[in-house]
Amino acid sequence: MLTDSSTLDALRQHHLFDKLPNSAFQEVGNLANYRRLDSSDMLFHQGDLADRFYLLLEGQIVLTRVLPEGNEKLVEVIRPGQIFVESLLFSGARHYPVTASAMKPSSLISIDSAHYRRLLEVQPSICLDLLASFSIRLHQRLNEIDTLTLANASRRVVRFLCQEQEDGNGQIKLSVPKRLIASQLGMQPETFSRILHRLIDAGLIAMERRNIRVLNNLSLANYSE
């Protein structure tokens with residue numbers, strides 16, 4: 001049960017809840033829980049019963065999936081203000097297809113999935129907001145597919161760096177380990193590191209630990225090997 005007014009306000013402001021009548025929103029708050037995770041804590045594991053979805057208040061959550069051959073793949077990095085695994089409300093999936101873990105100390109709200117779905121049955125206008133959210137996710141997945149279909153590994157890394165810049169200012173902070181980024185780009189960690197070093201040697205980027213600075217955007221965008 002949520003009792004803190006600031007936490008309730010954060011939930012109320014999200015577009016999945018801002019149109020709920022007060023009585024319905026109070027029901028959501030009564031069944032929701034506040035969670036606090038330390039860095040590296042697991043929120044849920046792939047295969048666990050999918051009975052709740054989440055709103056991240058602060059911190060960072062990483063969604064990963066273990067593929068049948070045993071490789072771990074980065075699915076998504078969740079940032080404050082984002083809701084995640086809400087799409088399972090409609091997929092019929094009974095178990096989480098991913099593992100969620102905290103990359104840094106995080107706080108979040110846990111929402112009862114079955115109860116929220118029942119609310120949607122009597123508040124159909126909210127479904128339009130859900131469709132908009134799913135559309136954004138779909139476009140993100142299509143961008144990922146576009147990147148993975150690039151045959152050249154160097155071009156995949158270049159596309160990733162161009163997309164990750166903060167407001168186009170050339171600053172990039174790798175929010176997850178390189179091995180997970182490599183898996184997202186469909187390559188081995190050694191290949192990812194080797195391409196980064198080639199870009200450094202070419203004078204296109206500078207790198208210090210997880211911080212990357214793009215030195216020449218135009219030349220990076222046109223880089224080919």
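Every number here is computed from the coordinates shown, using simple stated rules; none is lab data. All values reported here derive from a predicted model rather than from experimental measurement. Here the Cβ positions follow ideal geometry from the backbone for every residue, glycine too, while neighbour counts run over all protein chains shown.
Under 26 Å between C-alpha atoms is the cut-off here; go through the chain and count lysine pairs that meet it, provided they're at least eight residues apart or on different chains.
The number of close lysine pairs in the chain is 5.
State the Cα centre-to-centre distance between segment 90-127 and segment 167-190 in whole Å.
Segment 90-127 and segment 167-190 have Cα centres separated by 27 Å.
Taking neighbour counts of Cβ atoms within 10 Å as a proxy for exposure, in what order, fewest first, do Ser39, Ser107 appear?
Fewest-to-most ranking of Ser39, Ser107: Ser39, Ser107.
Would you mind ranking Val62, Val157 by Cβ crowding within 10 Å, fewest neighbours first?
In order of increasing Cβ crowding within 10 Å: Val62, Val157.
To the nearest 20 Debye, how big is the dipole of segment 16-93 about its Cα centre, given +1 on the beta carbon of each Lys and Arg and -1 on that of each Asp and Glu?
120
Using r as the Cβ-Cβ distance of Gln188 and Asp38, and R0 as 30 Å, what FRET efficiency do you calculate, to the nearest 0.05?
Taking R0 as 30 Å, the efficiency between Gln188 and Asp38 is 0.50.
Among Ile78, Ile181, Ile172, which one shows the highest mean-square fluctuation when the chain is modelled as a Gaussian network with alpha-carbon springs under 10 Å?
Fluctuation is largest for Ile172.
Please return the longest stretch of the chain lacking exposed loop sites, where trypsin sites (Lys or Arg not before Pro) count only if DSSP places them in a loop and at most 15 other Cβ atoms lie within 10 Å.
The segment 95-208 is the longest one with no such site.
Pairs of Cα atoms under 8 Å, at least six residues apart: use those to get the relative contact order of the chain, whole percent.
19 percent.
Considering only the other residues whose Cβ falls under 14 Å of the Cβ of Pro124, what net charge follows from Lys and Arg at +1 and Asp and Glu at -1?
With Lys, Arg at +1 and Asp, Glu at -1, the neighbours total +1.
Report the GluC sites (Glu not before Pro) located in segment 38-130 that are in a DSSP loop and have at most 16 other Cβ atoms inside 10 Å of their Cβ, or state none.
Glu69
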